[in-house]
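Notes follow the structure.
Every read-out reported here was derived from the displayed coordinates using simple, explicitly stated rules and does not represent laboratory data. This is a predicted model, so every value here is computed, not measured. Cβ coordinates were reconstructed from backbone atoms using ideal geometry, including for glycine residues, and neighbour counts include every protein chain displayed.
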Amino acid sequence: MPWDWRRMKRNRMYTNCNSVIKLTIPALRISVACKLKKVYNLNEVEIARRVGIAQAAVSKYLNGRYSARIGKVRGIVESIGLDAPIVKALSKAGYDRKHISLLIDAAALNSTLAEKTIKILKLSPSVSK
């Protein structure tokens, strides 16, 4: 019986983390794509190449076709300023694609962003004891 309880707790934690990441990474990409377009006036193909996503996804992001939840998380990303170092790195000519990927992953794992995203999702926080 206790083993089942721990497994359920572990699965809930995985589900919460998975749900948070499914919102934070697209929100970061949207924010970065919009700033690259607005500040540096890059076209969709160049933004897609730099961020490492499809041009169709960039078009969707720039035209505002994403869920309301992702829009809320995007607001948090921009208020905290998590997108600024990524945009700065991508604006340079000799950027490293692996470095950009690490910056996006690190920003997605920000604890403040995760806490606020959990509130948006109305998930119960998973605490391991």
Item to complete: Check Q55 against each of (1) free of Cβ contacts under 8 Å to residues at least 24 places away in the same chain; (2) out of contact with any Asp or Glu (no Cβ under 8 Å at 6 or more places or on another chain) and name the one condition it does not meet.
Response: (2)
Worksheet item: within 17 Å of L113 (Cβ to Cβ) and surrounded by 12 or more Cβ atoms within 10 Å (Cβ to Cβ) - does that describe any residue in region 47-61?
Response: no
Worksheet, complete the sentence: Every listed condition ((1) surrounded by fewer than 14 Cβ atoms within 10 Å (Cβ to Cβ); (2) under 18 Å from L23 (Cβ atoms)) holds for I118 save (1)
Worksheet item: Would it be correct to say that A33 is within 23 Å of L113 (Cβ to Cβ), part of a helix (DSSP H, G or I) and of a type in the set (A, V, I, L, M)?
Response: yes
Discussion item. Take the conditions touching a residue at least 60 places away in the same chain (Cβ under 8 Å), out of contact with any strand residue (DSSP E or B) (no Cβ under 6 Å at 6 or more places or on another chain) and surrounded by 14 or more Cβ atoms within 10 Å (Cβ to Cβ) and apply them to A84. Does it pass?
Written reply: no
Response to the item:
Scanning region 19-36 for residues that are within 16 Å of L82 (Cα to Cα) and small (G, A, S), the one nearest to the chain's Cα centre (by Cα) turns out to be A27
Worksheet item: Tell me, which helices (runs of 4 or more DSSP H) wholly within region 37-120 include 3 or more residues that are over 13 Å from the mean Cα position of the chain (by Cα)?
Response: 44-51, 55-62, 84-91, 97-108
Practice prompt. Say whether the condition of being of a type outside the set (D, E) and farther than 21 Å from L113 by Cβ is met by at least one residue in region 77-91.
Written response: yes
Item to complete: Please tell me if L28 is assigned to a helix (DSSP H, G or I) and among the hydrophobic types (A, V, I, L, M, F, W, C).
Response: yes
